[in-house]
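A short write-up of the structure that comes next.
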Amino acid sequence: MKKQGVKERIIETASDLFYNNGYNQTGINQIIAEAGVAKASMYQHFRSKEDIAVAYLKQRHINWMGSLQDFVSSKKTNKEKVIASFDYLESWLSSVNYRGCGFQNIICDLPQDQHKIKDQVLLHKTDVKKLIDILLHEDSNQEDLANEILVLLEGAIILSQIQKNSWPIKAAKRAAIKLLD
């Protein structure tokens, strides 16, 4: 097994802390201590907590998009793939330590001047919409439909986090089926 490098340890530690405790509740010294790295080593890789958060979000984006695409890939039609994205959310909800969307969580926790983080969140949400656009490419009402599906997905994520229940995802899936018929 390959030994994890300092940068990867910092990102992994910060990922857990940001997701479980929030951005504002996580300090640089806590990340350094829990990652077991020297402060100088941390600053060799990252200039600030904001830079660590951007690295966290980039990694989360890659993992989440890949996992979603893998999950829906077995479906035959693109509409089935869009509907399966709600099944993906439901399986994600049942995972250990579900605390909602890391992108939604961090954006709500940010001070106004954290533009690099906001840009990374926007990139993620834009890429989710692009994936929906691609899947709906045959539909003449693609742009509106993709926006509506995105709103259903995002709303289902936040409501399922608040409610600690899957009913918002199931309701959003039913609404998506009606939209796609």
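All of the numbers you see were taken from the coordinates with simple rules; none came from a lab. Since the model is a prediction, treat every value here as computed from it, not as a measurement. Using ideal geometry, Cβ is built from the backbone for each residue, glycine included, and neighbour counts are taken over all protein chains shown.
Given the options Ala40, Ala156, Ala53, state which has the largest fluctuation in a GNM of the chain using a 10 Å cut-off (strictly under) for Cα springs.
Ala40
Among Lys118/Lys170; Lys58/Lys129; Lys76/Lys129; Lys129/Lys178, which pairs are too far apart, with a Cα-Cα distance over 25 Å? Working shown, then result.
Details: Lys118/Lys170 29 Å; Lys58/Lys129 17 Å; Lys76/Lys129 20 Å; Lys129/Lys178 19 Å.
Among Lys118/Lys170; Lys58/Lys129; Lys76/Lys129; Lys129/Lys178, the Cα-Cα distance tops 25 Å for Lys118/Lys170.
Which one, Trp92, Ser15, Gln142, projects farthest toward the positive side of the charge dipole computed for the chain from Cβ point charges (K/R +1, D/E -1)?
Farthest along the dipole direction, towards plus: Ser15.
Calculate I(q)/I(0) for segment 36-120 by the Debye formula, one identical point scatterer on each C-alpha and no solvent, and give its log10 at q = 0.23 Å⁻¹ to two decimals.
-1.12
Given charges of +1 on the Cβ of Lys and Arg and -1 on the Cβ of Asp and Glu, with all other atoms neutral, how large is the dipole of the chain about its Cα centre, in debye to the nearest 20? Could the numbers behind the result be given before it?
Working: 24 positive and 22 negative charges, 108 e Å.
About 520 debye.
Which of these, Arg47, Arg99, Arg60, has the largest mean-square fluctuation under a Gaussian network model of the chain (Cα springs below 10 Å)?
Evaluated over the chain, the most mobile residue of the options is Arg47.
Using a 10 angstrom cutoff on alpha carbons, build the Gaussian network for the chain and name the most mobile of Ser95, Ser67, Ser160.
Looking only at Ser95, Ser67, Ser160, the biggest GNM fluctuation is shown by Ser95.
Helix-only mean residue ellipticity at 222 nm, the chain, DSSP H runs n ≥ 4 weighted -39,500 (n - 2.57), per residue, nearest 500. What is it? Please list the in-between numbers first.
Working: 9 runs with 135 residues, N = 181.
Calculated at 222 nm, the ellipticity per residue is -24500 deg cm²/dmol.
How far is helix 115-135 tilted off the main Cα axis of the chain, in degrees rounded to 10, range 0 to 90?
30 degrees
What is the magnitude of the charge dipole of segment 72-117 about its Cα centre, with +1 placed on the Cβ of each Lys and Arg, -1 on the Cβ of each Asp and Glu, and no other charges, expressed in debye to the nearest 20? Walk me through the numbers before you get to the answer.
Details: 6 positive and 5 negative charges, 57 e Å.
Around 280 debye, computed over segment 72-117.
Shape call for segment 47-180 from the C-alpha gyration tensor, a ≥ b ≥ c root eigenvalues: rounded (a/c under 1.5), prolate (a/b greater than b/c) or oblate? Each step should come with its number before you reach the end.
Details: a/c = 1.87, a/b = 1.50, b/c = 1.25.
Note, shape of segment 47-180 comes out prolate.
Go through segment 28-33 residue by residue and turn each phi into a ³J(HN,Hα) via Karplus (6.51, -1.76, 1.60, θ = phi - 60°); whole Hz please, and just put x for glycine and proline.
Calculated HN-Hα couplings, in order: 4, 4, 5, 4, 4, 5 Hz.
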